[in-house]
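So that we are looking at the same thing, I have put the structure below in structure tokens.
No lab work stands behind these numbers, since they all come straight from the coordinates. These numbers come from a predicted model, not from an experiment. Backbone-built Cβ (ideal geometry, glycine too); neighbour counts: all protein chains shown.
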Amino acid sequence: MVLVDVQGDFTVWKKGSLGVAGSDRAYVRRVKAALYDLKKKGLDIYATQDWHPKNHLSFFTNHPGKKPFEVIKLHGQDQVLWPPHCVQCTENAEILVDKSLFKLVVQKGMLMDWDSYSGFYVGGGTKTILESALKKEGVDKLLMFGIATDYCVKSTAVDGAKLGFEVTVVTDLCRGVDPKTSDKAIQDMPAAGVRVVESLDEVRIR
Ligand code: VGL
Ligand code: ZN
């Protein structure tokens, strides 16, 4: 299973710079409980971590005159300009779950001028080791949840499906940046080959 970007800066619990709605302490507690349970049932847990240099081009602060959440063109594509977040080696870039639970943590977003929402890519089309690590272990089904539904969860899930994994996203363990785009992500994922369920109760583990 893949836990997506449950990091301080994305939570209101840790007063993150990009704290998303409903990412309170109770949410993180439920994520942890689910992970312990899944691990007990024998699943390996892979985690993704947004990991930006402090002058990353996705930060509005690096574009004079721009405001947070404005959209610009970067490499010919829409790029949301975010508040600075998940800066390498800062406290709020940490994943809020005991690292001993993870088989592997993959970082993304390290390239100065490329953003990457997907845990399968560092940015600019360069892959992380996630795909090869999963395939080496013979993993073919991926449970997925985390933050943010409308960005990194969606992108990681859709890429996972494209790369041949059977992906299931559990929405009640996800939190999104914006309710509208999160609803749209949930509606759009099935057409991209991603199974979407509301709760872990709907999933048979092995
Ligand atoms: C994310 C915005 C910017 C995410 C990462 O984890 O969904 N969102 N960087
Ligand atoms: Zn980011």
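Against the 2.2 N^0.38 Å scaling, with N counting residues, where does region 1-104 land? I'd like the Cα-based Rg ratio to two decimal places.
Relative to the rule-of-thumb radius for its length, region 1-104 sits at 1.21.
Then there is this: Please get the size of the charge dipole for region 39-133, origin at its Cα centre, with Cβ charges of +1 on Lys and Arg and -1 on Asp and Glu, quoted in debye to the nearest 20.
Taking the Cα centre of region 39-133 as origin, the dipole is about 220 debye.
Using only C-alpha positions, report the orientation-averaged shadow area of the convex hull of region 143-206, nm², one decimal.
The number I arrive at for region 143-206 is 3.8 nm².
Something else about it: Is there a quick way to get the dipole size of the chain? I mean about its Cα centre, with the Cβ of Lys and Arg at +1 and of Asp and Glu at -1; what is the value in debye to the nearest 20?
It comes to approximately 360 debye.
Could you identify which residue out of Thr156, Thr128, Thr168 has the top mean-square fluctuation in a GNM of the chain using Cα springs shorter than 10 Å?
Ranking Thr156, Thr128, Thr168 by mean-square fluctuation puts Thr128 first.
Along the charge dipole of region 85-203, pointing to its positive end and built from +1/-1 on Cβ of Lys, Arg, Asp and Glu, which listed residue (Thr128, Leu200, Val105) has its Cα farthest out?
So the residue we want is Thr128.
Return the percentage of antiparallel bridges among DSSP beta bridges fully within region 22-111, rounded to the nearest 5 %. Can you show the working numbers first?
Numbers: 4 of 12 bridges.
Taking every DSSP beta bridge with both residues in region 22-111, the antiparallel ones total about 35 percent.
Across the Cα atoms of the chain, what radius of gyration and what greatest pairwise Cα-Cα distance (Dmax) are found, in Å?
15.9, 52
Antiparallel versus total DSSP beta bridges in region 54-206: what percent is that, nearest 5?
DSSP beta bridges in region 54-206 are roughly 40 percent antiparallel.
Between Ala34, Ala148, Ala157, which gets the highest mean-square fluctuation from a Gaussian network model of the chain, Cα cutoff 10 Å?
Of Ala34, Ala148, Ala157, the Gaussian network model singles out Ala34 as fluctuating most.
Holding the Cα-Cα limit at 29 Å, pick out from Lys66/Lys103; Lys73/Lys141; Lys32/Lys154; Lys39/Lys135 the pairs that are longer than that.
Lys66/Lys103; Lys73/Lys141
If contacts are Cα pairs under 8 angstrom and at least 6 residues apart, what is the relative contact order of the chain in percent?
Value for the chain: 21 percent.
For region 92-206, what percent of Cα pairs sit more than 16 Å apart?
Beyond 16 Å sits 62 percent of the P(r) for region 92-206.
A follow-up question, please. With label points built 7 Å along Cα→Cβ from the Cα atoms of Asp178 and Asp78, find their separation and express it in nm.
Distance between the two pseudo-spin positions: 0.7 nm.
Considering the Cα positions of region 42-157, please state its Rg to one decimal place and its Dmax as a whole number of Å.
14.9, 50
Sequence gap at least 6, Cα distance under 8 Å: using those rules, report the relative contact order of region 1-89 to the nearest whole percent. It would help to have the intermediate numbers written out before the result.
On the way: 127 pairs, mean separation 25.2, N = 89.
Relative contact order, region 1-89: 28 percent.
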